[in-house]
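The structure appears right after this line, and notes come after that.
The values are calculated or read from the model by the stated rules, or taken from the named source; none is laboratory data. As the structure is a prediction and not an experimental result, all values here were calculated from the model. No Cβ is skipped: glycine too gets one built from the backbone with ideal geometry, and neighbour counts run over all protein chains shown.
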Amino acid sequence: MFDIEKIRRQFPILTQKVNGKPLVYLDNGATTQKPRQVIDIVNKMYSEYNSNIHRGVHYLSAKSTELYENARETVRKFINAETPEEIIFTKGTTDAINLAAFSFGEKYIKENDEIIVGLTEHHSNIVPWQMLCKRKKAKLKVIPADENGELKFEEFKKLLGKKTKLVAFAHVANSTGIINPVEKIIEETRKTEAKILIDGAQAIQHKKIDVKTLDCDFYAFSGHKIYAETGIGVLYGKKELLETMPPYQGGGDMIKSVSFEKTEYADLPLKFEAGTSNYVAAVSLAEALNFVNSTGIENIEKHESELLAYAEEKLSSINGLKIFGKSRNKTSAVSFNIKNTHFYDIGMILDKLGTAVRTGTHCAEPTMKHFGITGTVRASFAVYNTFDEIDKLYEGIIKAQKMLS
Amino acid sequence: MTTEEIQNEIIEEFSVFDDWMDKYEYLIEIGNTLQPYNEKNKTPSNLIQGCQSRVWLDAEYKDGKIYFTADSDAIITKGIIALLIKVLSGKTPDEILKTDLFFIDKIGLKENLSPTRANGLISMIKNMKAYATAFKAKYEQ
């Protein structure tokens, strides 16, 4: 049974007041709040098990290493990867994409090769590819979008060709909440030699992800967007592919042996995890996934899609409010502007009413440019949000609109 | 009036509001009364691009004093701009350079000047001071 009150009680931060008003946290696309069990496990890690992993012969190091590797296994199961070696712990999605761009690019991208990205990507899924293209004199191609912000599949088909080495796109566009046609893009790409990277930062917390069914080559996501600590993320990669890629960074933990004549790199996944990993955050990620599993990702998806439908209907009734990114395939975010007002002013007034939203370009300047705007207000939902909170958002917008007109 | 006196006057004006709503409403009102900015001067070189709001700033040097005009697409930002202009416009480069803008903190709008806010205001203040330095070098030395 999905009991929203029971869920909310697990998130201590939600009970506080902001600017004298009960907090309405609708900035979940930026980061999610943490359930008690995640906060507790971090505390427990430092109170009872802290020790550097993969090094010591002593009890604590063994314990810490075990928890870290168990976390890897929890992640593997969560996204249904084949083996734990396919799970690389990173700092977050950005780090994961940079790793892929560097290591895959080093091995497989040559002059005049082509990489395709979507127009509606987060900067994190644009800039690393631009950097790679610059380094290798390769070309970046962009899948155009229609006026609603949906990627044009037919145009994508035209871009795809013999020179295409990689297709990188978001599972869910962060600035609009639109779910991209992942299956179709993958199916089409599989007709070529190109590899596929999916930026799952805005999908992992909302939908069941099965990398085997998807058949993508890489899938990247962040822990902090799925109720875990900050500073941890995952790059899933197919084992055969990861094995052929050179390391991203050099350092401790990623080697078998080091001498000034010859250094041998460690096997997967450690080859890609130079230096001390954020093992505490990795354990917190596993605990967050336990929370999601016990709540049920299907229940979360259902609740959030009801919230989204309610929010879109309610907000659409506001005079002059325009939603950016209208689509039947959406999850957990409403991006909007109100005629004759500025998103920053709306956000500032909502903040004073205790409601936290994101305003600005959402690190997706090309998307904003596409819509011909400089930014939006974005309300994004998580498992603990309620219909009542959407009512508060609605009332806040009405109030702001009155003040600003 | 010195820049310090003007700032104290603003603090005095804002002290009557104990509610944030009244304060914001007043700020919006001041923003609306800001001297219109010449659209022709909305040039890229006058634009301070922020992720949240955009600010345009222009300056003119006349009889030893600097006169600022500015605009923003966000009204709350515009309100703060109006206050900054009230304090710094029509002052000599030296006065502008030595002014410590303490009033923003005192009237409870400090969050608007956080470097992470990216609303253009911090850069606007920097640019106002930069204009003072430049005009001073050009006309007074």
**Prompt:** From the list A:239, A:225, which residue is modelled with pLDDT of 95 or more, surrounded by 19 or more Cβ atoms within 10 Å (Cβ to Cβ) and either at negative phi or touching a Gly at 6+ places or on another chain (Cβ under 9 Å) (or both)?
**Reply:** A:225
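Among residues belonging to segment A:136-152 that are touching an Asp or Glu at 6+ places or on another chain (Cβ under 8 Å) and not in a strand (DSSP E or B), point out the one that is surrounded by the fewest Cβ atoms within 10 Å (Cβ to Cβ).
Checked segment A:136-152; the qualifying residue surrounded by the fewest Cβ atoms within 10 Å (Cβ to Cβ) is A:137.
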**Request:** For residue A:326, state whether it is surrounded by fewer than 24 Cβ atoms within 10 Å (Cβ to Cβ), within 12 Å of chain B (Cβ to nearest Cβ) and at pLDDT below 95.
**Result:** no
**Request:** Could you pull out the residue among A:19, A:70 that is closer than 30 Å to residue A:347 by Cα and of a type in the set (S, T, N, Q)?
**Result:** A:19
**Residue list for segment B:28-43, restricted to those being more than 14 Å from chain A (Cβ to nearest Cβ) and surrounded by fewer than 18 Cβ atoms within 10 Å (Cβ to Cβ)** = B:33, B:35, B:36, B:38, B:39, B:40, B:41, B:43
**Request:** Identify, by number, the condition in (1) modelled with pLDDT under 95; (2) not assigned by TED's automatic domain parsing to the domain that holds residue A:221 that residue A:314 doesn't meet.
**Result:** (1)
**Prompt:** From the list A:195, A:191, A:165, A:184, which residue is at pLDDT 95 or above, within 17 Å of residue A:236 (Cα to Cα) and of a type in the set (Lys, Arg)?
**Reply:** A:195
**Message:** Just to be sure before I move on: is residue A:311 away from every other protein chain (no Cβ under 14 Å), under 21 Å from residue A:207 (Cβ atoms) and in contact with a Gly (Cβ under 6 Å, 6 or more places away or on another chain) in the structure I sent?
**Reply:** no
**Request:** Please identify the pairs in which a residue from segment A:299-317 that is closer than 10 Å to residue A:334 by Cβ and surrounded by 16 or more Cβ atoms within 10 Å (Cβ to Cβ) has its Cβ atom under 7 Å from the Cβ atom of a residue that is of a type in the set (D, E, K, R) and modelled with pLDDT of 95 or more, counting only partners at least 6 apart or on another chain.
**Result:** A:308/A:330
**Only listed residue being away from chain A (no Cβ under 13 Å) and assigned to a helix (DSSP H, G or I), chosen from B:25, B:13** = B:13
**Asked** Pick from segment B:111-136 the residues that are within 13 Å of another protein chain (Cβ to nearest Cβ) and modelled with pLDDT of 75 or more: which of them is nearest to residue A:375 (Cα to Cα)?
**Response** B:120
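This table checks each residue for (1) surrounded by 17 or more Cβ atoms within 10 Å (Cβ to Cβ); (2) outside the structural domain of residue A:171 (by TED's automatic domain parsing).
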| residue | (1), (2) |
| --- | --- |
| A:12 | no, yes |
| A:21 | no, yes |
| A:60 | no, no |
| A:65 | yes, no |
| A:82 | no, no |
| A:95 | yes, no |
| A:98 | yes, no |
**Message:** Please pick out the residue among A:150, A:114, A:106, A:155 that is touching a residue at least 60 places away in the same chain (Cβ under 8 Å), among the charged types (D, E, K, R) and within 26 Å of residue A:368 (Cβ to Cβ).
**Reply:** A:150
**Message:** Looking at segment A:266-277, I want the residues that are among the hydroxyl-bearing types (Ser, Thr, Tyr) and have a partner that is assigned to a helix (DSSP H, G or I) and surrounded by 19 or more Cβ atoms within 10 Å (Cβ to Cβ) with Cβ atoms under 8 Å, at least 6 apart or on another chain. Which pairs are those?
**Reply:** A:277/A:68
**Fill in**
Counted residues in segment B:61-98 being within 14 Å of chain A (Cβ to nearest Cβ) and either surrounded by fewer than 22 Cβ atoms within 10 Å (Cβ to Cβ) or assigned to a helix (DSSP H, G or I) (or both) come to 8
**Request:** Inspect all residues belonging to segment A:362-378 and state whether any of them is under 30 Å from residue A:152 (Cβ atoms), among the acidic types (Asp, Glu), under 22 Å from the mean Cα position of the chain (by Cα) and surrounded by fewer than 24 Cβ atoms within 10 Å (Cβ to Cβ).
**Result:** yes
**Item:** Entirely in segment A:329-405, the helices (runs of 4 or more DSSP H) that have 3 or more residues that are more than 14 Å from chain B (Cβ to nearest Cβ), under 30 Å from residue A:297 (Cβ atoms) and at pLDDT 95 or above
**Value:** A:387-404
**Prompt:** Across segment A:242-278, what is the number of residues that are closer than 19 Å to residue A:98 by Cα, surrounded by 16 or more Cβ atoms within 10 Å (Cβ to Cβ) and out of contact with any Lys or Arg (no Cβ under 6 Å at 6 or more places or on another chain)?
**Reply:** 11
**Request:** Output yes when any residue across segment A:276-293 is within 14 Å of chain B (Cβ to nearest Cβ), in a helix (DSSP H, G or I) and β-branched (Val, Ile, Thr), and no when none is.
**Result:** no
**Request:** From A:162, A:158, grab the single residue that is of a type in the set (D, E, K, R), assigned by TED's automatic domain parsing to the domain that holds residue A:139 and in a loop (DSSP other than H, G, I, E, B).
**Result:** A:162
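Could you please let me know if residue B:3 is more than 30 Å from residue A:365 (Cβ to Cβ) and more than 13 Å from the chain's Cα centre (by Cα)?
Criteria not met by residue B:3.
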